[in-house]
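Notes follow the structure.
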Ligand code: NAD
């Protein structure tokens, strides 16, 4: 049985901890990641690679291809359950052990689990916008059209409707990136969870913690570029988060130990 006490000690000592999550956090909910052993990145859908389908130019030129692919994938997100990683992160926030979750995921599962401060680095499926007049549409409304094999178009101006997700070739929201830079620089501990740390600029955020003398804990099934610099690294999210859940639920854990302010 693995000893997780060094991880618990880091969490107890840290006055500011942030989580950085990637697609690996949602594989336990049934959503394939990109680059894991069952990842979809190099797979094909009809004439397209999944990588191409996440590109903004391809989306604008061939929206029917994107929506055809997304129909049974992105538009099924709302039917999927949260898993132990989402749940424990929400519980850690509630207990004052976690300041924020920065996620690369677009699947809305951190919010579904109850996390309050969720920063979505690559946007979200929760909202959609008309690329022409900027009118906003909720997930459920667009999902109904996509399930009928329609390419969603704005009822007002016939513009193409796109999910509020950052496609390859698009920039991240500047304000959110600034908040991220502040949070990762000031974090005493960053938890890197289920990310291959390859998609920039998000992947560089945990480095800011290291540069400011904070520590990293990495939980990932495959090697990442920051493994050598991590204070601790583990490879199985389910194992680590089951241990964290037991630790969080232990009524004797915080007795007599007031937590420092974040
Ligand atoms: P990635 O696919 O590059 O890396 C995921 C990593 O998680 C892999 O290295 C894999 O080994 C690891 N992993 C998977 N299951 C694990 C488990 N149970 N325990 C430990 N490790 C596990 O994902 P990324 O770094 O997030 O970058 C991919 C990009 O794709 C991101 O921009 C993300 O937005 C997007 N994406 C999102 C979703 C989603 O919203 N759920 C799904 C696929 C891709």
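The values are calculated or read from the model by the stated rules, or taken from the named source; none is laboratory data. Quick caveat, the model's predicted, so the values are computed rather than measured. Counting neighbours? That spans all protein chains shown, and the Cβs are built from the backbone with ideal geometry, glycine included.
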Hey, any hits in region 80-99 for a residue that's crowded, with 22+ Cβ neighbours inside 10 Å, touching a strand residue (DSSP E or B) at 6+ places or on another chain (Cβ under 8 Å) and outside any helix (DSSP H, G or I)?
-> yes
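Looking at this structure, is residue 177 within 20 Å of residue 89 (Cα to Cα), modelled with pLDDT of 95 or more and surrounded by fewer than 18 Cβ atoms within 10 Å (Cβ to Cβ)?
Values: within 20 Å of residue 89 (Cα to Cα): no; modelled with pLDDT of 95 or more: yes; surrounded by fewer than 18 Cβ atoms within 10 Å (Cβ to Cβ): yes.
Spelling it out, it is not the case that residue 177 is within 20 Å of residue 89 (Cα to Cα), modelled with pLDDT of 95 or more and surrounded by fewer than 18 Cβ atoms within 10 Å (Cβ to Cβ).
On the given criteria, is residue 131 touching a helix residue (DSSP H, G or I) at 6+ places or on another chain (Cβ under 9 Å) and under 30 Å from residue 233 (Cα atoms)?
Details: touching a helix residue (DSSP H, G or I) at 6+ places or on another chain (Cβ under 9 Å): yes; under 30 Å from residue 233 (Cα atoms): no.
Taking the combined requirement at face value, the residue does not satisfy it.
In region 109-120, how many are surrounded by fewer than 20 Cβ atoms within 10 Å (Cβ to Cβ) and over 25 Å from residue 246 (Cα atoms)?
Here is the first cut: in region 109-120, the ones surrounded by fewer than 20 Cβ atoms within 10 Å (Cβ to Cβ) are 111-112, 114, 116-117, 119.
If we keep only those that are over 25 Å from residue 246 (Cα atoms) too, we end up with 119.
Residues in region 109-120 being surrounded by fewer than 20 Cβ atoms within 10 Å (Cβ to Cβ) and over 25 Å from residue 246 (Cα atoms): 1 in total.
I'd like to verify a number: residues in region 180-199 that are surrounded by 15 or more Cβ atoms within 10 Å (Cβ to Cβ) and in contact with a helix residue (DSSP H, G or I) (Cβ under 6 Å, 6 or more places away or on another chain), how many?
Of region 180-199, the ones surrounded by 15 or more Cβ atoms within 10 Å (Cβ to Cβ) are 180, 183-184, 186-197, 199.
If we keep only those that are in contact with a helix residue (DSSP H, G or I) (Cβ under 6 Å, 6 or more places away or on another chain) as well, we get 180, 184, 187, 189-190, 192-194, 197.
Summing the residues that are surrounded by 15 or more Cβ atoms within 10 Å (Cβ to Cβ) and in contact with a helix residue (DSSP H, G or I) (Cβ under 6 Å, 6 or more places away or on another chain) in region 180-199 gives 9.
Residue-by-condition table, conditions (1) within 12 Å of the ligand (Cβ to nearest atom); (2) farther than 28 Å from residue 37 by Cβ; (3) at pLDDT 95 or above:
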site: 115; (1), (2), (3): no, no, yes
site: 123; (1), (2), (3): yes, no, yes
site: 134; (1), (2), (3): no, yes, yes
site: 145; (1), (2), (3): no, yes, yes
site: 151; (1), (2), (3): no, yes, yes
site: 162; (1), (2), (3): no, yes, yes
site: 165; (1), (2), (3): yes, no, yes
site: 168; (1), (2), (3): yes, no, no
site: 197; (1), (2), (3): yes, no, yes
State which residue pairs qualify: first residue in the same structural domain as residue 98 (by TED's automatic domain parsing) and inside region 196-223, second residue in a helix (DSSP H, G or I) and within 10 Å of the ligand (Cβ to nearest atom) in any location, beta carbons under 7 Å apart, and separation of 6 or more residues or different chains.
-> 197/203; 219/237; 219/240; 220/24; 221/24
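Residues checked against (1) farther than 22 Å from residue 107 by Cβ; (2) assigned by TED's automatic domain parsing to the domain that holds residue 105:
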{"site": "138", "(1), (2)": "no, no"}
{"site": "141", "(1), (2)": "no, no"}
{"site": "144", "(1), (2)": "no, no"}
{"site": "152", "(1), (2)": "no, no"}
{"site": "155", "(1), (2)": "yes, no"}
{"site": "159", "(1), (2)": "yes, no"}
{"site": "178", "(1), (2)": "yes, yes"}
Given the conditions (1) in contact with a strand residue (DSSP E or B) (Cβ under 7 Å, 6 or more places away or on another chain); (2) within 16 Å of the ligand (Cβ to nearest atom); (3) closer than 20 Å to residue 242 by Cβ; (4) assigned to a helix (DSSP H, G or I), report the number of the one that residue 26 does not fulfil.
-> (1)
Looking across region 60-79 at residues that are more than 18 Å from residue 22 (Cβ to Cβ) and in a loop (DSSP other than H, G, I, E, B), the single one that is nearest to the ligand (Cβ to nearest atom) is 72
Say we look at region 29-59 and pick out the residues that are in a loop (DSSP other than H, G, I, E, B), free of Cβ contacts under 8 Å to residues at least 60 places away in the same chain and within 14 Å of the ligand (Cβ to nearest atom); which of these is farthest from residue 161 (Cα to Cα)?
-> 38
